[in-house]
Amino acid sequence: MTGITATSGPGRLEVLQQQANVRPISWWWTVLGAAVVTAAISISMWALLAQTHGLRGEAEAKARLDAIKTALTVGAGTGGAAALLVSLRRQWLSEHEQVHREAVAAVAQHDATERRITELYTAAANQLGGETAPVRLAGMYALERLAQDHVAHRQTIVNVICSYLRMPLSASPPSATPETELSQLPQRERASRAAQDAAAAASWEQERVVRITAQRILTRHLFIADRDPVEPLAPTPDDTSFWPDIELDLSGATLLYFDFTGIRAKRVDFSNARFADGGNFAHADFMGFADFRGAQFENKSGHFYGAWFERQAVFSKADFGNEQAVFDGATFVGNVFLDDAELSGGVSFEGVRALAEFNARHGQIRRWPPDWIERALAPDEQIPRPAHARWAGIPELPPGDSTWTLVARSPSTA
């Protein structure tokens, strides 16, 4: 399973600590200041005393005394400036040291948080391998809480949950030993075999509960809309329980009672997945690639009523069994591959619309099931608007508008 690693290691903390401990030597600023003051006094005194040449007697003494006073005044001013410079330097060093201390503290706190997250993740992941269902359920709920509290690790935790669901599972409980076979066994062996059968059935039932819990955790945090028979679906982006931009990899998974009604995901991979009791994706919002190639829908229908396929919808070799595949009210914005899906029970495309000119970056291909085509709106025909959140932001279009096409039966088979 995918692991969580701290985003900042001890090396970064050590570097910051070393930087914080390195301080420029400041004593030489004092020496430099003293030298500057001495030089200022000496130069000033030399220049001023040079002006007294030619004077004699009392005038010379007075001029020399004034020169010395002036030179000392210049020295005092220079000393004040030097002292101010040293003070500013000390203030800068103090602020620089405080910044380093704060940076080191921040990194230390971040590293401590990341270590704590890693410890919690490791403990929860280990619980998923527990022998009893309560332990595995506790691991599932611990991972859910961790993902809810730490956004940066949500995708990794979703990957772990998906990996768990991809592990092999029989779609039905193990068969008990036939009564005719049991009757031929000695009494002690018969009781032992019956106990083994009961334990296997109980183990499967417990695992079923854990799998359904994992599926519901994903559903709970990808659900964006409230279903209402009258009002359009309303997304709730402000709900903190919603996890945006999540990718799901459930390729090859065996999924039980799978209900993803009203979910939104960035990208989904259900290739070769087995929907043991059908799959309900009504009003789902597939923001990127939706891969259902080779998927199997058993016992119940594959239901995509009112779903939105943003980029690519791939159903190549998907087997919908003997139930009708329902796409009523769905919207296809990009590529579609439905031509070679197994549709023994038929398919329903009532009110399905497709964007006429779509992004061809990934190939401008649409392959509908046999006997189904896209057609333009009639001059007096208006595009039907399904109850999906995406359509709330699309303006009303006039009759006969060429922006969207409708998916309908070929005239030769209508």
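Just so you know, all these numbers are worked out from the coordinates, no wet-lab data involved. Keep in mind that this is a model prediction, so the values were computed, not measured. Every residue, glycine among them, receives a Cβ derived from its backbone with ideal geometry; neighbour counts consider all protein chains shown.
Computed from phi, the 3J(HN,Hα) profile of segment 208-213 under the Karplus parametrisation 6.51, -1.76, 1.60 (θ = phi - 60°) reads 4, 4, 5, 5, 5, 4 Hz, with x in place of Gly and Pro.
On the principal axes of its alpha carbon atoms, segment 198-351 extends 49, 41, 28 Å, with the longest extent given first.
The modelled label-to-label distance for the pair Asn299/Arg116, using points 7 Å beyond Cα in the direction of Cβ, is 4.4 nm. Protection proxy ranking of 259-272, 204-217, by the mean of other Cβ atoms within 10 Å over each peptide's residues and highest first, is 259-272, 204-217. Give me the mean projected area, in nm² to one decimal, of the convex hull enclosing the Cα positions of segment 348-406. The Cα convex hull of segment 348-406, projected and averaged over all directions, gives 5.0 nm². Over segment 113-165, Cα pairs under 8 Å with separation of 6+ residues give a relative contact order of 26 percent. Each principal axis of the Cα atoms in segment 117-186 has its own extent, and those three values, largest first, are 59, 20, 13 angstrom.
Please check which bits of segment 204-218 a label hung off Thr132 would reach, taking the label as a point 7 Å along Cα-to-C-beta and the cut-off as backbone N under 17 Å. Counting backbone N atoms under 17 Å from the label point, the list is 204-210. If the segment from Thr73 to Gln155 were pulled out straight at 0.36 nm per residue, it would be longer than the present Cα-Cα gap by 22.3 nm. An ellipsoid equivalent to segment 240-305, defined through the eigenvalues of its Cα gyration tensor, has semi-axes of 19, 13, 10 Å when rounded to whole angstrom and sorted largest first.
Rg and Dmax, both from the Cα atoms of segment 273-348 and both in Å, are 11.1, 30. When Rg and Dmax are taken over the Cα atoms of segment 287-414, they come to 14.4, 42 Å.
Which order, highest average first, do 141-153, 370-382 follow once you tally other Cβ atoms within 10 Å for each residue and take the mean per peptide?
On the way: 141-153: 16.7, 370-382: 13.1.
Final packing ranking: 141-153, 370-382.
Each residue of segment 309-326 is assigned a 3J(HN,Hα), and the resulting list reads 10, 6, 10, 9, 10, 10, 10, 4, 6, 5, 10, 8, x, 8, 8, 6, 7, 10 Hz, derived from the Karplus form 6.51 cos²θ - 1.76 cosθ + 1.60 (θ = phi - 60°), x at Gly and Pro.
Each residue of segment 152-163 is assigned a 3J(HN,Hα), and the resulting list reads 4, 10, 4, 4, 4, 5, 4, 4, 5, 4, 5, 4 Hz, derived from the Karplus form 6.51 cos²θ - 1.76 cosθ + 1.60 (θ = phi - 60°), x at Gly and Pro.
Less than 5 angstrom separates the built amide H of Arg366 from those of Val336, all sequence-distant by 5 or more or on a different chain.
Residues whose amide H comes within less than 5 Å of that of Phe242, counting only those at least five positions distant or on another chain, are absent (H built at 1.01 Å from N in the peptide plane).
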